[in-house]
Structure formats: structure tokens, C-alpha cells
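A.B. asks: There's a structure below that I have some questions on.
Just so it is clear, none of the values below were taken in a lab; they were calculated from the coordinates. Please read these numbers as outputs of a predicted model, since none were measured by experiment. Cβ: placed from backbone, ideal geometry, glycine included. Neighbour counts: every protein chain shown.
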Amino acid sequence: SPEFDISIKADNGNEKIGIYYDTDSSVEIFYRDVSLCNGTLPVFYQPPHNVTVFQTVLKGNGIELARSDRRALVKAVA
């Protein structure tokens, strides 16, 4: 199954409103309309006019890519 180490950047450009990222916030990665992996985002509050960056690992759910698709994916992100 694929595994991705990703960085997520949340940019709150609003000058007056903060954002609560609550439970059940999630992220999913697709390639050629196939879901490769997914995961949950951490719970946090982002104050107004703030940029928050965090890292997380997303793991696949048992999907196996054909060798040609693996090569194409690696080439696409290089």
C-alpha cells in the first residue's frame, strides 16, 4: 500500500475570524481517480491572519498499484 509523508499548509488570511479544525477533518490523496490513501487532520485552532504548517503520514488501505502506475506516479511527482 502507498504511504505518503506530507506537509499541509493552512493559510487563514482573514483579519478577524479564527478557524477551528475539529475532529473528523480529513485528507485523501487520489491518482487517476483512485483513492491511494487517507488520514485525519489534527484538531487545532488557527487564529486570524495565520499560516499553520504541519506534517503527517498517510497510509494506503490495502491498494496495490500496477508496476506501470507506480512508475507513472513517481515520475509525476518528481
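A.B. asks: Report, in deg cm²/dmol and to the nearest 500, the calculated mean residue ellipticity at 222 nm for the chain, where each DSSP H run with n ≥ 4 adds -39500 (n - 2.57) and the sum is divided by the residue count. Walk me through the numbers on the way to the answer.
C.D. replies: Numbers: 1 runs with 11 residues, N = 78.
One gets -4500 deg cm²/dmol as the mean residue ellipticity at 222 nm.
A.B. asks: Measure nothing but the geometry: give the 0 to 90° angle between the long axis through the Cα atoms of 67-77 and the longest principal axis through the Cα atoms of the chain, rounded to 10°.
C.D. replies: 30 degrees
A.B. asks: Among Pro47, Val34, Ala10, whose Cα lies farthest out toward the positive end of the dipole of the chain, if unit charges sit on the beta carbon of Lys, Arg (+1) and Asp, Glu (-1)?
C.D. replies: Val34
A.B. asks: Distance from the Cα centre of the range 1-15 to that of the range 26-78, in angstrom?
C.D. replies: Taking the Cα centre of the range 26-78 as reference, the centre of the range 1-15 is 9 Å away.
A.B. asks: Give the value in nm², to one decimal: projected area of the alpha carbon convex hull of the chain, averaged over all directions.
C.D. replies: Values: hull surface 24.1 nm².
Computing the convex hull of the Cα atoms and averaging its projections yields 6.0 nm².
A.B. asks: List the relative contact order of the range 3-77 as a percent without decimals, with contacts defined as Cα pairs under 8 Å and 6+ residues apart.
C.D. replies: Working: 116 pairs, mean separation 29.3, N = 75.
Relative contact order comes out at 39 percent.
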